[in-house]
């Protein structure tokens, strides 16, 4: 594939770029290209796009903000990016509101908008990189909160029917870092997210570090805005900034295991953090497991495990996606050999 863009065509509601460079569209900043990139500015153009003969046989890969993907190679087909923006309050009363966010909105900006409007709930999810459209796909979560707690509905374009559809919270089949959209990525393109946000809600402060950070910020009662500031400070201190060093945030999911396995591991490693999970299972700290294997700060060429947080893989400059993936597999194999636990990557690996 050549190193330059070979063509750009603008149509009503979307733009098509041939031989599109992707290094600036993924937060790992690894080099890759797509045969065709379709930037969608208006969701109503999706039926027209879906009618392309080339897309009937092979549906495009949907690219959000590029914060949850690792390219190990070029993409030999079409890629679609939702660039739609807009926020609308659909219902509003004394208790809260139903709010529609277009998929192309920046997630962190959406969180700050909600706080500025006097809503609560999203404060623990501040500074998560990526777009609004990616939030339900990954069921993003941090500091004891997941987006599924607030999802009223997800609007999506269904390739099979060529129609815009609305999926309820139950239809989305949310699980830990999982959803129906992740299980069947070629079926839907998320076009908008409807969240029901309260004006008042018990603050989630029990995650490690939040109360201590709040104590440094105020001696009074915490507010959602102050919780967001506390979480932002924690994230900034613990996680490398993608604007400064290429990364996709947490690279591995916290493994969920049977209670007996967790009990056995905790008996031999008492410092291992263990949390309750669904179906009486237990969730383990992937970061702790990696750190305990002595891998924190490991570097192979420009691919590395962050020295700030063992859960994050980083690009120190010129690493390729393939080199980062090779390092990820080394981490997986090392943790498996030491603890018998298999780590799963959180980003989509191409």
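Tabulated data
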{"item": "Top-ranked residue in segment 1-25 [being at pLDDT below 95 and in a loop (DSSP other than H, G, I, E, B); ranked as surrounded by the most Cβ atoms within 10 Å (Cβ to Cβ)]", "result": "13"}
{"item": "Flag if residue 73 is surrounded by 15 or more Cβ atoms within 10 Å (Cβ to Cβ), not in a strand (DSSP E or B) and not assigned by TED's automatic domain parsing to the domain that holds residue 320", "result": "no"}
{"item": "Qualifying residue in segment 232-249 (condition: in contact (Cβ under 8 Å) with a residue 40 or more places away in the chain, over 29 Å from residue 304 (Cβ atoms) and out of contact with any strand residue (DSSP E or B) (no Cβ under 6 Å at 6 or more places or on another chain))", "result": "no"}
{"item": "All helices (runs of 4 or more DSSP H) inside segment 137-227 with 1 or more residues being surrounded by 15 or more Cβ atoms within 10 Å (Cβ to Cβ) and either assigned by TED's automatic domain parsing to the domain that holds residue 275 or touching a strand residue (DSSP E or B) at 6+ places or on another chain (Cβ under 8 Å) (or both)", "result": "169-172, 180-183"}
{"item": "Among residues of segment 272-287, those that are surrounded by fewer than 18 Cβ atoms within 10 Å (Cβ to Cβ) and assigned to a helix (DSSP H, G or I), counted", "result": "3"}
{"item": "The listed residue being in contact (Cβ under 8 Å) with a residue 12 or more places away in the chain and within 20 Å of residue 347 (Cα to Cα), out of 76, 47", "result": "76"}
{"item": "Test: residue in segment 309-327 that is surrounded by 17 or more Cβ atoms within 10 Å (Cβ to Cβ), in a helix (DSSP H, G or I) and free of Cβ contacts under 8 Å to residues at least 60 places away in the same chain", "result": "yes"}
{"item": "Matching residues in segment 228-246 - criterion: being in a helix (DSSP H, G or I) and surrounded by fewer than 15 Cβ atoms within 10 Å (Cβ to Cβ)", "result": "236, 237, 238"}
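The values are calculated or read from the model by the stated rules, or taken from the named source; none is laboratory data. A quick note: this is a predicted structure, and the numbers were derived from the prediction, not measured. Heads up, the Cβs are rebuilt from the backbone with ideal geometry, glycines too, and the neighbour counts pull from every protein chain shown.
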